[in-house]
Amino acid sequence: MKTQVNDLAIFGGAPAFAEKLHVGRPNFGERERLIERIDQIIERRWFTNAGPYVQELELRLADFLGVKHCIAMCNATIGLEIAIKALGMKGEVIVPSFTFIATAHAVQWQEIKPVFCDIDPETHNLDPRRVEEMITPQTTGILGVHLWGRPCDVDALSDIAKRHQLSLLFDAAHAFACTHRGRMIGSFGDAEVFSFHATKFFNTFEGGAVTTNDDDLAQKIRWMKNFGFAGYDKVVYIGTNGKMNEVCAAMGLTSLESLEQFIAINRRNYDQYRQELSDIRGVKVINYDDAENNNYQYVVLEIDEAATRVSRDELLQILWAENVIARRYFYPGCHRAEPYRTLYPDSGAHLPVTEEMVTRTLLLPNGNSIGAAEIRGICGVLRFAIEQAGEVNLRLAGESQASVG
Ligand SMILES: Cc1ncc(COP(=O)(O)O)c(C=O)c1O
């Protein structure tokens, strides 16, 4: 409990937490089940190449997501690259800049130009009106991101893709177990790509999956993720190595058994954050539509500095000193990272909402290593820093003077 500004760790007080609290600290389910499965893998000596656990995971995921094909991958980045190639995208692809850098890299890696498009300030997802303005004769596809697990405006994007004969791919890295209009994310557009990276609430250590209802596309993706092999000695495509291994699939099957519990914990934590932060001026916790299924893994704040009078970056510094490793995803926006800032220096001119949003968002820890006491502590620090904004600012200005002097 902080009662004076000196109690803040940034000014020499004791940190609120003895150990660091991270955004995306890995979840895991039943340790014994995982170890049993790993034992089985060793017994079988079938470690990779579409092993029994990978096959089982693909079937279970396809069933859970209500989609015809699920192709497990070593990670989502390779999944995106393969899906982009299999869809025949080239020239220009429209993507948001307010996303993890892998979305843009998966496009540029294949020498396709990512055309950065602005977002809707409410949903943080591609704004379909802006998408339509960015289409040129070189455009071959749209790559939408269901950021924080909140679905893109799927209907509007599908309509645009259809009218302009563009491929439509979704980066669903955040959106496992989320629905749009009651239907699981995983079967929208031409294909969707999930990430099961360790930081995701459902993880396979490293991993991902491409899902689609298109039989031909699924076949092509299966070949491409296995060097283009369509059988022993028969290579039919350019391919790469995108295979998921058996240990990752064992983790996925084990995580799947605890999925409901993971979501319930995320939701409980998210609800507590919302409640505890609800009356702090200038702090908004982004909303999830309760009529849909959500995974609630991201607790995303928008900080309105005009009201808090402590900037997002100052709050970040204050939290880090308390051992709360909050993150400013996705700062500074892909268009301001290399190679994009050099290759496409004018992209920012079309991105006013993105440029504003990257200065406002702050993500707080969630998952099964966080509980009520931690959340109370984190929210207490934020509340105190904002209530004491005047003195906090004076002290921060003093500290920076001292460090310059
Ligand atoms: C939006 C988005 N796309 C793609 C990725 C890449 O996923 P992976 O780490 O599985 O390659 C991430 C990872 O965090 C992400 O957040």
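The values are calculated or read from the model by the stated rules, or taken from the named source; none is laboratory data. Computed from a predicted structure; not experimentally measured. No Cβ is skipped: glycine too gets one built from the backbone with ideal geometry, and neighbour counts run over all protein chains shown. To get the accessible areas, we keep the full protein, side chains included, count just its heavy atoms, and leave off ligands, DNA and RNA. Shrake-Rupley method; radii C 1.70, N 1.55, O 1.52, S 1.80 Å.
Structure summary
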read-out	value
Inter-part distance where region 304-328 and region 39-60 are each reduced to a Cα centre, Å	44
Most to least packed among 74-83, 366-375 [average Cβ atoms within 10 Å]	74-83, 366-375
Coordinate range along principal axes, alpha carbons of region 128-257, Å, largest first	44, 37, 21
Within the accessible area of the chain (1.4 Å probe), percent carbon and sulfur	50
Candidate lysines for bridging to LYS68, where Cα separation is under 22 Å - those fewer than 8 sequence places away on the same chain excluded	LYS85, LYS162, LYS220, LYS225, LYS243
On Cα atoms only, tilt of 259-277 relative to the major axis of the chain in degrees	30
Overall form of region 346-405 per C-alpha gyration tensor (a/c, 1.5; a/b vs b/c)	oblate
Kirkwood-type radius of the chain, with distances r between different C-alpha atoms, in Å	22.4
Using a Förster distance of 45 Å, the FRET efficiency for ASP120-ILE42 (Cβ separation, nearest 0.05)	0.35
Computed Rg/Rh of region 20-138, alpha carbon atoms with Kirkwood Rh	1.08
Scattering profile of region 97-160 at q = 0.18, 0.26, 0.27 Å⁻¹ [log10 I(q)/I(0), Debye over alpha-carbon scatterers]	-0.65, -1.29, -1.36
Sorted peptide list for 184-197, 155-168, criterion being average Cβ within 10 angstrom, highest first	184-197, 155-168
Accessible solvent surface per residue of the chain, calculated while the other protein chains remain in place, 1.4 angstrom probe, Å²	45
Helix 372-387 axis, angle to the chain major axis (alpha carbon atoms, nearest 10°)	50
Region 198-357: C-alpha pair distances exceeding 29 Å, %	47
Mean projected area (nm²) of the alpha-carbon convex hull when region 70-118 is viewed from all directions	3.5
